[in-house]
Amino acid sequence: MDMITTSLLRAQSLLYAVLALLLAFLAKKADDWRTTQFDDDHEIVEKGNSAVAIRRAGLYLGGMIAMTGVLSGATRGLVGDLLGIAAFGAAAYAALFVARYLCHKLILRGIDDDSECLKGNAAVGVVQLGIFVATGILLNGALSGDDTDLWRGLRAFGVFFVLGQLVFLALALAFQRLTPLDDQAELRKGNRSVGLEFAGQFVAIAIILRAGLTGPSQGLRADVVAFLMSAVIGSIALLLFQQLARRAFLHKADINRCLSDDNVALAITLQALSIAFALVLAATVV
């Protein structure tokens, strides 16, 4: 490949990166518009509000994780690639806002997350960061593929985002039920360790589910069946490995008491183990 061709390809790739950054900026403006009761930038820059910053960081990270799935697909030519990045990128950020709304209604039910973040409740901000990043991982899997037909790709993305989000929420709520603590009360108190517990679980679940979304397509029906089977097997394996890991690595710890006491150090260790095992299971079992 000669120098001119290489330079043109790099310039084209740079154009794709600029478009991805533009989509992130538009998502930021949309989130600014959504939170009418306060100015996000003022809270972050002038007040140093970590809760708002953590939540906003989740939007940026989740969005870019999703965009890497868009950018890794097969090329459709310059114009086709730009249209694809714009279409899939806009759909991905819309999906992130849908996921945030579902988190508000189901996982943070009864908690006014905007008001809590305005008060500086970092625990709630961490939960929302976890939802954004987990959704970005799911979207990355749904958007990764070599289908060069734009409309067929958008249809497949829609099907697997809805399916993936439903399964993710079901598993997230199931894992939430397994927590003996009153998680809603703990989050209202600003218990950061409980927020980290949830965020880490969300990311671990998303890693497992993403593994079932990738790979060559065998047809829509077969892909759906394969995804559901991998989700069931992977989530059961994750739960078992988590329990074994807690006994093996933290056998002397009273985990529930430590979480109730807002032991952030233990929460970080627990979630590192969960995510680490999820990565291994995604590469082997799922």
Margin query: Can you report the number of residues in the range 42-64 which are farther than 20 Å from K29 by Cβ and part of a helix (DSSP H, G or I)?
Written below: 2
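Yes/no per residue for (1) touching an Asp or Glu at 6+ places or on another chain (Cβ under 9 Å); (2) of a type in the set (S, T, Y); (3) more than 30 Å from F157 (Cα to Cα):
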site: D183; (1), (2), (3): yes, no, yes
site: G190; (1), (2), (3): yes, no, yes
site: V194; (1), (2), (3): yes, no, yes
site: F202; (1), (2), (3): no, no, no
site: T214; (1), (2), (3): no, yes, no
site: G234; (1), (2), (3): no, no, no
site: L259; (1), (2), (3): yes, no, yes
site: A272; (1), (2), (3): no, no, no
site: T284; (1), (2), (3): no, yes, no
Next item on the list: Taking S13 as meeting all but one of (1) in a helix (DSSP H, G or I); (2) at pLDDT 90 or above; (3) more than 24 Å from A156 (Cα to Cα), write down the number of the exception.
Entry: (2)
Check: Can you name the number of the only condition in (1) part of a helix (DSSP H, G or I); (2) in contact (Cβ under 8 Å) with a residue 24 or more places away in the chain that R155 fails?
Finding: (2)
Check: How many residues are surrounded by fewer than 17 Cβ atoms within 10 Å (Cβ to Cβ) and either of a type in the set (A, V, I, L, M, F, W, C) or part of a helix (DSSP H, G or I) (or both) if we restrict to the range 65-97?
Finding: 12
Note to self: Could you check the range 1-25 and list, in sequence order, the residues that are surrounded by 14 or more Cβ atoms within 10 Å (Cβ to Cβ) and within 30 Å of K119 (Cα to Cα)?
What the structure shows: L23, A24
Notebook entry, point to check: When both residues are 6+ apart or on different chains and their Cβ atoms are under 9 Å apart, which pairs have a first residue that lies in the range 41-54 and is within 10 Å of L118 (Cα to Cα) and touching a residue at least 12 places away in the same chain (Cβ under 8 Å), and a second that is exposed (fewer than 14 other Cβ atoms within 10 Å of the Cβ) and not charged (D, E, K, R)?
Noted result: N49/H42
Margin query: Considering only the range 164-177, I want to know if a residue exists there that is under 27 Å from T269 (Cβ atoms) and among the basic types (K, R).
Written below: yes
Checklist line | Selected residue (criterion: farthest from Q37 (Cα to Cα)) from residues of the range 98-118 that are basic (K, R) and part of a helix (DSSP H, G or I) | finding: K105
Check: When both residues are 6+ apart or on different chains and their Cβ atoms are under 7 Å apart, which pairs have a first residue that lies in the range 262-277 and is in contact (Cβ under 8 Å) with a residue 24 or more places away in the chain, and a second that is part of a loop (DSSP other than H, G, I, E, B)?
Finding: D262/N191; L266/A253
Margin query: Tell me the residue from T135, T148 that is of a type in the set (S, T, N, Q) and at pLDDT 80 or above, please.
Written below: T135
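The values are calculated or read from the model by the stated rules, or taken from the named source; none is laboratory data. On a predicted model such as this, the values are computed, not experimentally measured, just so you know. Heads up, the Cβs are rebuilt from the backbone with ideal geometry, glycines too, and the neighbour counts pull from every protein chain shown.
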